[in-house]
Amino acid sequence: MTDDHEHGHPEDPPTWSELTISSWVLNDRVQKLHASIESNWDPLQRSACQTAAGRALWRHVTNDVLAELLAGETYLRSFYEKIRKDRLNHAREISGVILAVRTLWFDSKLETAVGLLNNEALQIVLLGAGMDTRAYRLNCLTGSHVFEVDFPQVLQMKASLLQEAMKSMDNQQKIAVKAKALISVEADIRGKDWLEKLQYSGFIPEKNTVWILEGLLYYLSDADAIQVLKTIAAHCSLTPTVLLADFMNKPSITLSNPNFQFYSDWPDQLLPSLGFSDVKLSQIGDPDAHFGLLHDPSNMFDKLRSIPRSVEVDPDDGTPCCRLYLVQASGSPSKNTCISP
Ligand SMILES: C[S@@+](CC[C@H](N)C(=O)[O-])C[C@H]1O[C@@H](n2cnc3c(N)ncnc32)[C@H](O)[C@@H]1O
């Protein structure tokens with residue numbers, strides 16, 4: 001990774017010829033904080049750093065300059081190793097491309113939603129925010145209150161890493177919050193009190209809200225995932241609401257990671273049944289989920305899109321059809337389609 005990427009454009013070809021890690025990541029105090037993540041966090045919490053590492057290594061696309069600091073050296077090195085192997089093996093897809101597309105899809109849908117719902121006090125709630133940096137990254141959030149909800153350890157560590165980096169004058173501009181307000185809400189969303197904690201932190205149920213559930217739902221049990229979605233759906237009857245979320249299908253859950261639980265093969269049917277309307281589903285490679293990043297003409301995403309969604313195994317080669325669905329849904333009191341949790 002070179003500094004050129006910081007000023008790069010999505011169409012710039014990535015040059016992952018070597019990994020260089022910035023001095024703010026190699027700083028002793030930052031290294032100590034990351035060492036405590038290694039010793040004390042469980043795999044669920046550590047997924048926040050893994051995701052940040054992917055976004056850091058695809059920074060030429062994601063523009064996420066803070067991701068490197070939040071990911072830490074260990075995760076940067078191990079993700080980089082995957083990318084290096086993919087390139088050596090001339091893989092059709094380079095590790096992290098899904099993450100890069102997913103990040104850009106959420107960014108672009110969030111920007112559109114902010115434009116549509118815009119009012120003085122738009123609220124953005126990031127459930128399972130992890131090392132998300134949208135509050136620092138996106139100019140469209142200057143009028144919005146951003147609530148980051150995650151486990152206490154994750155949010156406290158994120159704050160400590162950012163504070164440590166702030167001590168250097170050079171970093172202060174990178175760490176300036178763009179959102180009108182950024183509020184941390186320490187909560188376990190499997191519990192019954194997370195909404196109460198959100199409200200206690202200043203969230204107002206009657207104000208227009210965009211909910212972002214990125215890289216989260218599949219870590220929850222079926223019951224917890226449905227309960228969270230129902231809780232959000234209940235807000236549609238109070239105020240215009242937009243939900244942006246990604247869903248894995250069954251083969252993705254089964255194959256990839258023992259921590260994955262919840263899946264939905266048909267989120268476009270599930271969400272209306274919970275009370276959302278205007279559900280739009282995209283797959284990686286669709287015109288709104290491509291971003292010029294799928295270069296190989298025989299890339300697996302185009303192949304998957306050519307196979308009906310009801311098919312679980314590729315009839316040509318017997319490989320499971322692992323899909324990630326990017327879904328936007330909305331609701332408003334006038335549509336009167338939402339039900340209570
Ligand atoms: C894969 S990371 C994704 C983080 C972030 N949304 C992103 O895309 O960078 C999943 C995040 O969800 C959080 N998370 C998972 N289960 C949670 C729960 N029950 N309550 C609060 N946060 C949770 C984890 O701590 C982690 O930060």
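Every number here is computed from the coordinates shown, using simple stated rules; none is lab data. All of these numbers come straight from a predicted model, not from anything done at the bench. Counting neighbours? That spans all protein chains shown, and the Cβs are built from the backbone with ideal geometry, glycine included.
Residues in the stretch 257-269 carry Karplus couplings, in order, of 8, x, 7, 7, 10, 6, 9, 8, 7, 9, x, 6, 9 Hz; the curve used is 6.51 cos²θ - 1.76 cosθ + 1.60 with θ = phi - 60°, and Gly or Pro positions show x.
Counting neighbouring beta carbons within 10 Å and listing from fewest to most, the residues VAL327, VAL154, VAL311, VAL25 come out as VAL311, VAL25, VAL327, VAL154.
Computed from phi, the 3J(HN,Hα) profile of the stretch 74-91 under the Karplus parametrisation 6.51, -1.76, 1.60 (θ = phi - 60°) reads 4, 6, 4, 5, 6, 5, 4, 4, 5, 5, 4, 5, 4, 5, 4, 8, 6, 4 Hz, with x in place of Gly and Pro.
In order along the stretch 35-46, the Karplus-derived 3J(HN,Hα) couplings, from 6.51 cos²θ - 1.76 cosθ + 1.60 at θ = phi - 60°, round to 5, 6, 5, 4, 7, 10, 8, 8, x, 4, 5, 5 Hz, and Gly and Pro are given as x.
Order these by the 10 Å Cβ neighbour count, fewest first: TRP58, TRP24.
TRP24, TRP58
Between the beta carbons of THR20 and SER334, assuming R0 = 45 Å, the FRET efficiency works out to 0.25 to the nearest 0.05. For LYS178, the lysines whose Cα comes closer than 27 Å to its Cα, not counting residues fewer than 8 places off in the same chain, are LYS109, LYS158, LYS167, LYS197, LYS207.
The slack in the chain from ARG190 to LYS303, taken as 0.36 nm per residue of separation less the alpha-carbon distance, amounts to 37.1 nm. In this structure the amide hydrogen of VAL185, modeled in the peptide plane, comes within under 5 Å of the amide hydrogens of GLU148, VAL149, ASP150, none closer than 5 places in sequence on its chain. For the chain, DSSP calls about 40 percent of its internal beta bridges antiparallel. The length gained on full extension between ALA223 and GLN163, counted as 0.36 nm times the residue separation minus their Cα-Cα distance, comes to 17.9 nm. Comparing Cα centroids, the stretch 262-341 and the stretch 148-224 end up 26 angstrom apart. Amide H to amide H, with H built 1.01 Å from N, HIS290 comes under 5 Å of GLY285, counting only residues 5 or more places away or on other chains. Full extension of the chain between GLN31 and TRP266 gives 80.4 nm of extra length, using 0.36 nm per residue less the Cα-Cα distance. Per-residue ellipticity at 222 nm from helix content only, as computed over the chain with -39500 (n - 2.57) for each DSSP H run of at least four residues, stands at -12000 deg cm²/dmol.
Could you work out Rg/(2.2 N^0.38 Å) for the chain, with Rg from alpha carbons only?
This ratio for the chain stands at 0.97.
In plain terms, the residue of MET300, MET131 with the fewest other Cβ atoms within 10 Å comes first and the most crowded comes last, giving MET300, MET131. Shape call for the stretch 225-305 from the C-alpha gyration tensor, a ≥ b ≥ c root eigenvalues: rounded (a/c under 1.5), prolate (a/b greater than b/c) or oblate? Because a/c hits 1.5 or more and a/b fails to exceed b/c, the stretch 225-305 counts as oblate. Amide H contacts of LEU243: TRP211, ALA329, SER330, each under 5 Å away and 5 or more positions distant or on a separate chain (H built 1.01 Å from N in the peptide plane; Pro and chain starts excluded). Annotation: lysines with alpha-carbon distance below 24 angstrom to LYS303 (same-chain offsets under eight excluded): LYS82, LYS85, LYS250, LYS280.
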